[in-house]
Amino acid sequence: MSLDVSRADEDRFSFATPAAPEAMAEPAPVLDAERVTMSLALTRQVSYHWDIASDRLTWSGNTLNVLGFDASAMRTGRHFAALMDSENFFSRYDTVLRSTNRDPGQGVPYEIEYRLKAGAWIEDCGRWFADRTENPKEALGVMRVANERHSLQSRRRPSGGIQFRKARPGPGHGLWSAAPCHSG
């Protein structure tokens with residue numbers, strides 16, 4: 001797997017505040033693609049890119065080990081949606097394409113949790129980016145299986161119910177996700 005990122009892409013996806021010019025005398029080291037891939041595998045996460053116009057999904061190379069599905073079974077957003085449990089309140093499709101938020105140029109963050117038909121609970125977080133007409137054009141994100149955390153939180157729910165909360169509090173986010181009712 002090769003992660004070819006142009007200088008323009010590095011600038012586009014840089015969310016940190018630039019350092020003062022005197023602090024930039026020597027460039028900071030950057031992880032190479034091999035280390036990024038290793039980090040994803042070791043933390044049992046997968047990364048993806050979703051081209052919304054073509055509905056094409058591109059995955060990091062570890063989907064089988066993490067999600068239990070080969071990337072060929074998830075080539076499009078529709079293929080991936082077919083793997084989702086029908087009782088989910090949220091999907092990436094709904095979160096991105098039905099968002100009322102605007103992309104200020106650095107993308108719109110989202111965080112959602114949903115269940116696959118196979119039973120795994122997934123945490124999915126990323127950013128979607130708009131085209132010139134301000135419609136979602138692409139999304140970049142990471143996923144991880146969250147069965148243990150979900151099980152623990154389910155046991156803490158007083159009635160097994162779900163409470164809705166903003167996924168990322170603050171102005172301009174407006175994304176909703178299912179969140180457990182925490183006791184105590």
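Values quoted throughout were computed directly from the atomic coordinates according to the rules given, and no laboratory measurement underlies them. From a predicted model like this one, the values you see are computed outputs, not experimental measurements. No Cβ is skipped: glycine too gets one built from the backbone with ideal geometry, and neighbour counts run over all protein chains shown.
Observations on the structure shown:
- Distance from the Cα centroid of the stretch 80-147 to that of the stretch 32-51 is 17 Å (rounded to whole angstrom).
- Sequence-distant residues sharing a close amide H with Phe90 (under 5 Å, placed H): none
- Computed over neighbours whose Cβ is under 13 Å from that of Met38, the net charge equals 0, Lys and Arg +1, Asp and Glu -1.
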